[in-house]
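Novice: Below is one structure. I have some questions about it.
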Amino acid sequence: MKSRKLIELVNVPLSQASLGDRLISSVTSDSRRAVKGSLFFAMPGTQLDGRNYCEHAIALGAVAIISDKVIGGFEEITVISSNVREAYSEAASKLYGNPSAKLRVVGITGTSGKTTTSFLLEAILKHSGMSCGVIGTINARWDNEVVELSHTTPDAEELQRLLFRMVESGVQYVIMEVSSHALSQYRVSGIDFDVALFLNLTPEHLDYHAEMDEYFLAKSLLFDRHLLGSSKKDVSAVVNIDDSYGGKLLNELRSYKKINRVSFGLSKKADFFASDIISALEGTSFRVDDVLVETKLIGDFNSSNALAAFAAAQVLGIDTIEIKNGISSISGVPGRLERVLSKKELFVFVDYAHKPDALEKVLISLSEIYRSDSKGSIVTVVGCGGDRDKKKRPVMGAIAAKYSDLTIVTSDNPRTEDPNQIIEEVVSGVPKSANYLVIPDRKDAIEKAIDIAMPGDLVLVAGKGHETYQIIVDPLSESRVKKVYFDDRDVVRNA
């Protein structure tokens, strides 16, 4: 990749005439990644303040600093920006040649269902012969490339580098999961979206967003900031009107003539509505107009995810038959109601549900399907992550107990918190009359669930899904945590 002049990368006044002529080889907000010719963006983070690491970045070769204030000792090489995060993302896009302009980009946001919907849309595009890349919770992938990610929506430099690599590989379409954190932190600034997809909004991340209205405003930025500001002429918002916030969003977008508004849902008022929904442990089917759509994914909420993918694919101009066949081609999504086959004749599912709404949707769907033709029991293994929204913990316990014959409360990703304290808070929501056990060790808890369950029973292991690690305290680490290998699916198989 060629270097570019600083003045070509930043949209802020340069106080020194010579500074703008400096050649920039890379951009970074992590001083440890600075190299000769780097432009260092000194921004405050959730745990560390980048403005304290300018000396380190300069020592490694950084030639200029972007900051929101003058930093002592570096006045001559510092450019002041009122929004360092946005400047960082825009600079990364420019340095990589604005790769999103060469792609058709679909951004998916919502509290639940982003990963499943991205898998469905990926299958549709591939089935129709399109080259497709995905950036999301599980990984980034295209062609034969797979890149592990630390966040659902990566850091701006990493994100633009991925898009650049996809362009170089001949990718035509990119599907991107867009988190509320990424939107509020300007990580997707500099990306030209073609389609923005809204799935739903339920309480989550309220340790980060003060309230639901703030959470909604963060999600809506994908539409009224990024989709509206896209350089693409033909842009569309695809919105779930079954969700009250979706209806609110669609109404607010009326004033933007540039954006083509498309709705989906169970209501006949929707542009794409699902009818004749049938759910079974073998899969789900529904109709969109005269088209029968069948998927091996389980639960009514997955019919909504499939409908979202159907609507987005139609907006992209994909043939209806290819959409139908693409949806039916998926056998499952890693860690999303992923069934683990059992010689003990159990119905065992591992799911990523780690928030109240997701857990309730999964348990309602499983209960309705399973109890319709079985007298067996439902056993749920559940916990909550540490250093995250504490208000949801008793709610998770209450939901698990409501829909399960036996609830086993255990540890999830405790991070820096005491797992026993987290468990106590989950148990505080479980009615005293409920049938439950407390087993702090997650491996022991899963093994106990499998041991107790009788042939024909259903076991749900919730919370971690596709994750292959557990995050526990590590006093010796700068971050105070470490990852140890742990895969719910492996534990289930061994049990």
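Novice: Applying the selection to region 244-279, what residues are surrounded by 13 or more Cβ atoms within 10 Å (Cβ to Cβ), of a type in the set (D, E, K, R) and in contact with a strand residue (DSSP E or B) (Cβ under 6 Å, 6 or more places away or on another chain)?
Specialist: The answer is ARG261, ASP271.
Novice: Take region 251-265 and flag every residue that is farther than 19 Å from ALA313 by Cβ and not charged (D, E, K, R).
Specialist: Scanning region 251-265 gives ASN251, LEU253, SER255, TYR256.
Novice: Related question: What are the residues in region 406-438 that are more than 19 Å from SER377 (Cα to Cα) and touching a helix residue (DSSP H, G or I) at 6+ places or on another chain (Cβ under 8 Å), if any?
Specialist: Correct list: THR410, SER411, ASP412, PRO414, ILE422, GLU425, VAL426, VAL427, SER428, GLY429.
Novice: Considering only region 281-295, state which residues are modelled with pLDDT under 95, out of contact with any helix residue (DSSP H, G or I) (no Cβ under 6 Å at 6 or more places or on another chain) and within 23 Å of LEU460 (Cβ to Cβ).
Specialist: Result: GLU282, GLY283.
Novice: Scanning region 172-185 for residues that are farther than 16 Å from ARG161 by Cα and of a type in the set (Ser, Thr, Tyr), which turns out nearest to the chain's Cα centre (by Cα)?
Specialist: Within region 172-185, the match that is nearest to the chain's Cα centre (by Cα) is SER179.
Novice: Continuing with this model, one more query. Which residue pairs have Cβ atoms closer than 7 Å, lie 6 or more positions apart in sequence or on different chains, and pair a first residue in region 436-462 that is outside any helix (DSSP H, G or I) with a second residue that is among the basic types (Lys, Arg) and surrounded by fewer than 17 Cβ atoms within 10 Å (Cβ to Cβ)?
Specialist: PRO455/LYS344
Novice: Answer yes or no: is there a residue in region 322-341 that is assigned by TED's automatic domain parsing to the domain that holds ASP224, more than 26 Å from the chain's Cα centre (by Cα) and closer than 22 Å to ILE241 by Cα.
Specialist: Within region 322-341, none of the residues are assigned by TED's automatic domain parsing to the domain that holds ASP224, more than 26 Å from the chain's Cα centre (by Cα) and closer than 22 Å to ILE241 by Cα.
Novice: Among ASP242, ASP194, ASP224, which is the only one that is under 26 Å from GLY133 (Cβ atoms), touching a residue at least 40 places away in the same chain (Cβ under 8 Å) and charged (D, E, K, R)?
Specialist: Every option except ASP194 fails the conditions.
Novice: Next question, about the same structure. Inspect all residues belonging to region 388-406 and state whether any of them is of a type in the set (Phe, Trp, Tyr) and within 27 Å of the chain's Cα centre (by Cα).
Specialist: Yes, that holds for at least one residue.
Novice: It is to be established whether one or more residues within region 359-371 are at pLDDT below 95 and either outside the structural domain of ILE450 (by TED's automatic domain parsing) or among the aromatic types (Phe, Trp, Tyr) (or both).
Specialist: yes
Novice: Restricting to region 157-182, what's the tally of residues that are assigned to a helix (DSSP H, G or I), modelled with pLDDT of 95 or more and aliphatic (A, V, I, L, M)?
Specialist: Summing the residues that are assigned to a helix (DSSP H, G or I), modelled with pLDDT of 95 or more and aliphatic (A, V, I, L, M) in region 157-182 gives 5.
Novice: Pick out the one residue from ALA218, ALA237 that is modelled with pLDDT under 95, surrounded by 17 or more Cβ atoms within 10 Å (Cβ to Cβ) and among the aliphatic types (A, V, I, L, M).
Specialist: ALA218
Novice: Among the residues that make up region 421-429, is at least one of them surrounded by fewer than 20 Cβ atoms within 10 Å (Cβ to Cβ), touching a residue at least 24 places away in the same chain (Cβ under 8 Å), over 26 Å from LEU341 (Cα atoms) and among the hydroxyl-bearing types (Ser, Thr, Tyr)?
Specialist: Yes: region 421-429 contains one or more residues that are surrounded by fewer than 20 Cβ atoms within 10 Å (Cβ to Cβ), touching a residue at least 24 places away in the same chain (Cβ under 8 Å), over 26 Å from LEU341 (Cα atoms) and among the hydroxyl-bearing types (Ser, Thr, Tyr).
Novice: Continuing with this model, one more query. Please state which one of ALA309, ALA313, ALA400 is under 22 Å from GLU467 (Cα atoms), buried (at least 23 other Cβ atoms within 10 Å of the Cβ) and among the small types (Gly, Ala, Ser).
Specialist: ALA400
Novice: Among residues belonging to region 76-114 that are of a type in the set (Asp, Glu) and modelled with pLDDT of 95 or more, point out the one that is surrounded by the most Cβ atoms within 10 Å (Cβ to Cβ).
Specialist: GLU90
Novice: Restricting the search to region 456-477, which residues are buried (at least 20 other Cβ atoms within 10 Å of the Cβ) and among the acidic types (Asp, Glu)?
Specialist: Result: ASP457, GLU467.
Novice: Got a sec? Which of THR137, THR117 is part of a loop (DSSP other than H, G, I, E, B), in contact (Cβ under 8 Å) with a residue 12 or more places away in the chain, among the β-branched types (Val, Ile, Thr) and within 30 Å of GLY299 (Cα to Cα)?
Specialist: The conditions single out THR137.
Novice: Further question: Within the group ARG442, ARG480, which residue is among the charged types (D, E, K, R) and crowded, with 22+ Cβ neighbours inside 10 Å?
Specialist: Only one candidate passes the filter, namely ARG442.
Novice: Of LYS443, LYS391, LYS402, which residue is outside the structural domain of ILE138 (by TED's automatic domain parsing) and modelled with pLDDT under 95?
Specialist: Criteria check complete, one pass: LYS391.
Novice: In region 393-410, which residue that is in contact with a strand residue (DSSP E or B) (Cβ under 8 Å, 6 or more places away or on another chain) and touching a residue at least 40 places away in the same chain (Cβ under 8 Å) is nearest to ALA445 (Cα to Cα)?
Specialist: ILE408
Novice: So how many residues does region 256-274 have that are of a type in the set (Ser, Thr, Tyr) and modelled with pLDDT under 95?
Specialist: 1
Novice: Given the structure, is VAL35 closer than 20 Å to ILE80 by Cβ and either in the same structural domain as GLU75 (by TED's automatic domain parsing) or among the polar types (S, T, N, Q) (or both)?
Specialist: Answer is no for this residue.
The values are calculated or read from the model by the stated rules, or taken from the named source; none is laboratory data. No experiment lies behind these values; they were computed from the predicted model shown. All Cβ positions, glycine included, derive from the backbone under ideal geometry; neighbour counts span all protein chains shown.
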